[in-house]
Structures are given as C-alpha cells and as structure tokens.
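Comments concern the structure below.
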Amino acid sequence: MPDGMPLRPPSLEAEVVESGQRLRRFVEMLWEGWPILLGGAVLGLVLSVTALRLVTPQYSALMVVGPTARVGAAAMGARLPVLIGRETATAASEPGPGDEILSDFARYLQLFTSIPVAERLMADPVLLRGLFPDRWDHEAGGWRPAPGPVAGAKRMLLTLVGRTDWVEPDAERVASALQDRLVVDMVGSGPMRRIRLRHADRALALRILAAAAQATDAHLRAEASRRSAAQIAHVRARLAGITVAEHRRALADLLSEQERIAMMVEVDLPLAADAIEPPAAAQRPDWPDPLRVVPMAVLAGLAAGGVAISLRRLWRAGAETAP
C-alpha cells in the first residue's frame, strides 16, 4: 500500500465472519465444559433448597395508609382546623410550599418505629414476646440471654470490655426490632404508603402491625390533646386579667377555636392517617419465595460454572504457551 494512504476499514463481511468464529469458539468451550455447567446448576439448586429448608418461612402483613382526606365523605377522619395565617387546613394535610411545614401524616410515618410508640406496645406482653421469640423462655416464664454460638461470642466480647448484653427488652430494643421488621414503600407517586411487617406467626404479624398503627395514632392524639389543653388554659388565664373589650373578643375567638380543636381531637376517628387497606396477610408464608430463590440460584450456579470454564481455558492456554 503506498505511503500516506489511509488504511481501509475491514469489510462488514469480515466482521460478521469474525463474530461468528468467536461465538462458535465460545459455544464449543461451553460444550466441552458441560459437566462443570451442570455441576454449577446442581450445586445452586442444592444450596437454595437447603437454605429454604433452614430459613424459617415468614408471613408478610401489609397495610396501606394515607393522610386523612381533605375532600370526600369516606374515611376523612376528624377534621381539625389549624390556623396558618388567615387560612385554615386540616391537621393531617400534606406539606405546603413552605419548607418548614410538617404534616401530621409525616409525623405519623416517623413515629411508627419510635421509642414513644414502642413504650405503648410494651404494655402488651404477647406482642413483646412475639418481637423477641428467641429471648423468651416458655418453661421458666421469663427472659433469657439469646441462645446460639454467635450470641455467646457477643456476650464474651462484651464481658471482656466490661459490659453486659441486654436480657429483658426495653423501649429502645422494641423500637429497633420494629425498624428491622417494618418496610415502608410509596404507592405510586401519591402520598399513600404501603407498610409491610414480616413474622413467622401470621396472627402475631397482623397484631403487631395493627397495634403499631393504633399506638402511633394514639400518641399523636395525646400530644394534640396536651397542646390544645395547654393553649386553652393559657388563653383563659389571660382572659381573667384583660378588661379591654377588643382584646377580650380576640381572645374569646381564639379560645373558641382551641376548644373546637380539643373537641374534634376526642372524636374516635383517625387523626393523622387513614387505613386505606387494613392489615392483611396471606394464608401461607410468602417469604422467602421459592419460585424466585431457586431459579436465581440455578442461574447463579450456571454463571459460576461459565466463569470456571473460562478460567480453565485460560489456564490451559497459559500452560501451552509457557516455555
């Protein structure tokens, strides 16, 4: 080829032939190592079945919650007027344009796994034992240290540094257990949330989820009632010492509004969140799902077998070219 002339790119036919040869060599390599592929698939199948046998199946309790509705008559909860400037909005409204506006529904989601809610759940011993089944000794009727070699090694390490492991759960442990078991997902792009809790006992899963939702709403209701009572007492105290008619009318209007809020808080309706779908669970365990775990394990075994075949081919090629 004369100097200065550019090299012509390979033709399309040459590229197709080269790709076909590479594919043929790859297929031949897999065909030669089919015992390794089969062994990887069988190993993945055996390991997945063994793991499914060893893991305790669990039920998933689900519920869907959303902020109390602003419009409509269905499940709108107790309408609480909250003054924001000259406008009014419901107490469970979603955040507005201001960055510092926090809705009661956002508080509800945050408090679901909080220590105040955990303290309320601790009043039910059945729920407490359900959250920590390995810590409860049915024969002795009391709490015990966690069994197993891992827990024993942890206690030994804590003893070496001068500390002790917990035996009877407290509110912090209950809140941590809720955080580990609860998963909150968005439902579409709206404000609704799907709350999921897994447990080996279906009845306990439903009971824990329903109790947590009720305790969260009760905590918010108690806080709203406390604040409303404090404001009412303050306004009444100020009214007793004010004689100017215009000031008394303004305070009387404020007192009337606060008393209306206090009255609506007492209504036995959802305060911050409506249960769009109440807690429900399938009749059979749904975690882990064998129809997903086994095929994924077999595919992983096939992939591992393909990697092993490639490494063997490279090893042989290196051995053949070695001096």
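Some values worked out for this structure:
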read-out: Solvent-accessible area, 1.4 Å probe, carbon plus sulfur percent, for the range 198-323; value: 60 percent
read-out: Sites residue 179 and residue 317, calculated FRET efficiency, Cβ-Cβ separation with R0 45 Å, nearest 0.05; value: 0.30
read-out: Extension gain, residue 143 back to residue 222 (0.36 nm per residue minus Cα-Cα distance, nm); value: 25.3 nm
read-out: Residue-wise HN-Hα coupling along the range 307-313, computed from phi with Karplus coefficients 6.51, -1.76, 1.60 (Hz; x: Gly, Pro); value: 5, 5, 5, 4, 5, 5, 5
read-out: Solvent-accessible area per residue, Å², over the range 106-217 with all protein chains present [probe radius 1.4 Å]; value: 56 Å²
read-out: Nearest-10 value in Å² for the accessible area of residue 192, using the 1.4 Å probe; value: 70 Å²
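The values are calculated or read from the model by the stated rules, or taken from the named source; none is laboratory data. Given the structure is predicted, the values throughout are model-derived calculations rather than measurements. All Cβ positions, even for glycine, are placed from backbone atoms using ideal geometry, and neighbour counts span all protein chains on display. For accessibility, only protein heavy atoms count, side chains too; no ligands or nucleic acids. Shrake-Rupley method; radii C 1.70, N 1.55, O 1.52, S 1.80 Å.
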